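Engineer: One structure, as C-alpha cells, below. Some questions next.
The values are calculated or read from the model by the stated rules, or taken from the named source; none is laboratory data. For clarity, every value in this text was computed on a predicted model and none was experimentally measured. Counting neighbours? That spans all protein chains shown, and the Cβs are built from the backbone with ideal geometry, glycine included. Calculation scope for accessible area: heavy atoms of the full protein, side chains included, ligands and nucleic acids excluded. Shrake-Rupley method; radii C 1.70, N 1.55, O 1.52, S 1.80 Å.
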Amino acid sequence: MNRRDFIRSSGVAGLSVGVPGLFSGKEERRPPSDRGSSLKVGFAERDITPDLGMEVPGTYVKTREWKIHDACKVRAAVFDDGRFKIALVSLDALMVPRYVVVAARKVIEEQCAIPRDSVLISASHSHSSGPTGMVQPGQYDGASPLVKKLAYEISSCANVGYVERVQEEIIRAVRDANSCRVDALCGFGAGEERKVSFNRRLRMKNGLTYTHPGQGNPDVLGYAGPIDPQVGVIGAWDQGGRQLGCIVNFACHATTNPGGFSANWPYYMEKTIRGVLGADLVVVFMQGCSGDITQVDNLSPYALPSGERWAQFVGERVGAEVVKVMVSIELGDGTPLDARAKLWRIKRRVPSPEHVRISYDFVQKNPNQVDTAEWVFAKEIVMLDALLKKDPEVEVEVQAIQVGPAVFLTNPAEFFVECGLELKSRSKFPFTFPVELANGCVGYVPTEEAFGPHGGGYETRLTSYSNLEVSAGRQMVEAGLELVGQMTPGKVPTPPKASPFRPEVGLFGATPWSYGNVPPQID
Ligand SMILES: [Zn+2]
C-alpha cells in the first residue's frame, strides 16, 4: 500500500467513525460529536434463565430440561428523540403471551413514559428456553375433564411463576435502558448471510408440499419457497464513540438446540459480536419471518451437525455479518422516531363435526399403540374444539416502529418468509425489518398458497396453536403496509460529500495524484 492508498482507506465511510483509536484526525473526517444529534439511546439486559427441571416449550407434548448451556435473557433498547420515545424488547423465549405484553406495557407506560403502542416485545423463538407456552395457565379451566387432562397433563404448558418473572424482567430491562439513556448516534445497514438458513418446505412429486421430507428423499422436487438472507442492523454509539448496542434482524428458526437451556444460536451471534466490538455491547435480536425457515437443509447430501456445532455455525456466521455491517455504517441522528399499531380480531378455522368426532374417538386410544403424530393431532383438534367455544376469534396486533430510515413491522405469528419479503419489497422505507412473534403469539400463519391444492405440511395443520383463517397472512401484510403508508422515512446517514474535482495535482481527495497521471515508462 502506498501513501495515497493509505490516506484514501483511512477515510472510507465507517472505518473511523465512532471507533476510538482509528480516527485519523484528517480534516475530511469529523468525530461523531461534531455531527450533532437530538437522540438519546439506552440498552439493558436482564436474566430469565429458567430453573432446572422446568418445561421447554416447542412441541405439542411436555419436555423438561435439566441442564443450562447459556443464559436466557431479556434485552431492551430505548430510543428518545426528545419528542417521542420507543422501546424495543427481545426475549430468549419460544413465544411471548399477549397478556404479558399488555401488562408489561401498562407498567412501562406508567414508569418510563413510553406509550403502549411504542413498546415492541418480541420472542426470539428459542426452542431451548423457558416455559412461556404453549398452553397458558387457566386457558382450559372451563373445559371437560378429558380436555383438561390433554391440555394440562400432556401438552406443553406455561409456568405461572416463570411467566410472572419474565413479565417483571421485561419491565426492569426497559426501566434500566430508559434510565441509562445517553446522547447517541445511530447507523443503519444490512448484510447478507446465505449459508445458514433454508426453506424447510419442499415440493413433492405427488403435487403436495411437505415440511422436512428428509434428506435423500427421491420424491422431492425442490424447495417450495425462498429464504431471506438479509441481516438487518441498527447500531448505536455514544458521543465519545463507544458502541452501546445494536438491533439485529434475521430470519431463521432458533432450533439449533445446543443441549440445555440456551438462547440458542443467538447466543453465539452475541458472543461473536461482543468478541470483536466489545464485551458490554447489548445485542437485541428481532426474529425475522421464519415460519418456514430453519437451519436444516433437506437437500444437503451431508450428515447434519450436532446441536452445539450447528448453533455455533449459524450464530457465528450471522454475528460475523453483523460485525461487518457495524464497521461499515455511517452514523447519523437516527430520527425521527414514530410508532403506530393496528388491532383487530381474526377468526379461527373451525374443524368439521366429523373431524372433531373422529379426533375424540382417537384420543381415547393408547398413544403408544397408535401412530403418535396422528394421536397428537387428534389431541390438538379436541383442544381446539374446546377453545372455539370460548374464543372463536383472536385479537391480533400489527405494529410499525420507526427509527429514522428503518421501520420494524411486527406480527404475532410464525410468519412465512414470503410474507416478510413482500413487506420489504412494498415498503417505502430504506430499511424494513419484519419481526415475527411480537406482542403475542397466534401460531403459524402460512401463505394462502400453502393452504391451496399444492400446499400442505406441518405449518398448515389445524391445531390449538395454529388455527387462524386462511386470509390471516394477507390481512397482517396489508395492515403493516397501511401503517408504513402513514409514516415518513428519515434520511440514511451518508459520509460527507467529496469536494468538487480540481485539475491541479495534489496529494489526496478530488485532485489527480501527482504520481499517478503519467504515461508508461519502458526504459
Ligand atoms: Zn416454530
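Engineer: Give the longest segment of the chain that steers clear of GluC sites (Glu not before Pro) in DSSP loops with at most 11 neighbouring Cβ atoms within 10 Å, not counting the sites themselves.
Structural biologist: 28-503
Engineer: Bin width 10 Å, origin at 0, all Cα-Cα pairs of segment 115-259: what percent of pairs per bin?
Structural biologist: Spelled out bin by bin, segment 115-259 gives 8, 21, 27, 26, 14, 4, 0 percent.
Engineer: Using the basic label-point model (7 angstrom from Cα toward the beta carbon), what is the THR63 to GLU168 distance in nanometres?
Structural biologist: 2.9
Engineer: Could you compute the FRET efficiency for GLU482 and LYS347, with r as their C-beta to C-beta distance and R0 at 22 Å, rounded to 0.05?
Structural biologist: On the way: r = 20 Å, r/R0 = 0.91.
Computed FRET efficiency for GLU482 and LYS347 comes out at 0.65.
Engineer: Treating the angle as unsigned and between 0 and 90°, give the value, to the nearest 10°, between the Cα long axis of helix 160-179 and the longest Cα principal axis of the chain.
Structural biologist: Helix 160-179 sits at roughly 20 degrees to that axis.
Engineer: Also, I was wondering about something else. Can you tell me the length gained on complete extension of the stretch LEU208 to ASN368, counting 0.36 nm per residue apart and subtracting the Cα distance? List each step's numbers first, then the result.
Structural biologist: Numbers: separation 160, 0.36 × 160 = 57.60 nm, distance 2.87 nm.
Stretched fully, the LEU208-ASN368 segment lengthens by 54.7 nm.
Engineer: If you count only protein heavy atoms and use a 1.4 Å probe, how large is the accessible surface of MET54, to the nearest 10 Å²?
Structural biologist: Number for this one is 30 Å².
Engineer: So what does log10 I(q)/I(0) come out to for the chain at q = 0.11 Å⁻¹, using the Debye formula with one equal point on every Cα and no solvent?
Structural biologist: Calculated log10 I(q)/I(0) at the listed q: -0.94.
Engineer: Among 245-255, 294-304, 129-139, what's the highest-first ranking by average C-beta atoms within 10 angstrom per residue?
Structural biologist: On the way: 245-255: 26.3, 294-304: 14.2, 129-139: 22.5.
Listed from highest to lowest mean packing, they are 245-255, 129-139, 294-304.
Engineer: I'd like the per residue volume of the convex hull spanned by the Cα atoms of segment 454-523, given in cubic angstrom.
Structural biologist: Details: hull volume 22.7 nm³, N = 70.
It is 325 Å³ per residue.
Engineer: Under the rule of at least 5 residues apart or a separate chain, name every residue whose amide H is placed under 5 Å from the amide H of VAL96.
Structural biologist: It is ALA123, GLY440, by chain and number.
Engineer: Also, quick follow-up: Based on Cα coordinates alone, diagonalise the gyration tensor for segment 185-315, multiply each eigenvalue by 5, take square roots, and list the semi-axes in whole Å, largest first.
Structural biologist: Working: eigenvalues 223, 52, 20 Å².
Each semi-axis is √(5λ); the values are 33, 16, 10 Å.
Engineer: Tell me the accessible surface of LYS347 in square angstrom (1.4 angstrom probe, heavy atoms of protein chains only), to the nearest ten.
Structural biologist: 120
Engineer: Can you bin segment 274-359 into rounded, prolate or oblate? Criterion: square roots of the alpha carbon gyration tensor eigenvalues sorted a ≥ b ≥ c, rounded for a/c under 1.5, prolate for a/b above b/c, oblate for the rest. Working shown, then result.
Structural biologist: Numbers: a/c = 3.45, a/b = 1.37, b/c = 2.52.
Oblate, because a/c is 1.5 or more while a/b does not exceed b/c.
Engineer: Hey, what's the per residue convex hull volume over the C-alpha atoms of segment 42-135, in cubic angstrom?
Structural biologist: Numbers: hull volume 8.8 nm³, N = 94.
So the per-residue hull volume is 93 Å³.
Engineer: Measure nothing but the geometry: give the 0 to 90° angle between the long axis through the Cα atoms of 353-363 and the longest principal axis through the Cα atoms of the chain, rounded to 10°.
Structural biologist: 80
Engineer: To test your reading of the geometry: what angle, between 0 and 90 degrees and rounded to tens, separates the Cα axis of helix 265-277 from the longest principal axis of the chain?
Structural biologist: Here the helix axis deviates by roughly 20 degrees.
Engineer: With a 10 Å radius around each residue's Cβ, average the other Cβ atoms per peptide and rank 231-237, 462-468, highest first. Show your work: numbers first, answer last.
Structural biologist: Details: 231-237: 27.0, 462-468: 21.9.
With the highest mean Cβ count within 10 Å placed first, the list reads 231-237, 462-468.
Engineer: Same structure, new question: Just how many % of Cα pairs in segment 388-523 lie over 18 Å apart, if you round to the nearest whole percent? Before the final figure, lay out each step's value.
Structural biologist: Numbers: 5995 of 9180 pairs.
Counting pairs separated by more than 18 Å, the tail of P(r) holds 65 percent.
Engineer: Let me ask something else. Over the Cα atoms of segment 282-429, Rg to Rh with Kirkwood Rh, two decimal places? Provide the component values of the computation, followed by the final result.
Structural biologist: Values: Rg = 21.9 Å, Rh = 20.2 Å.
Here Rg/Rh amounts to 1.08.
Engineer: Here is a follow-up. What whole number of Å gives the distance from the Cα centroid of segment 384-442 to the Cα centroid of segment 161-231?
Structural biologist: 13
Engineer: Let me ask something else. When all protein chains stay in place, what accessible area (Å², nearest 10, 1.4 Å probe) is found for LYS389?
Structural biologist: Surface accessible to solvent at LYS389 totals approximately 150 Å².
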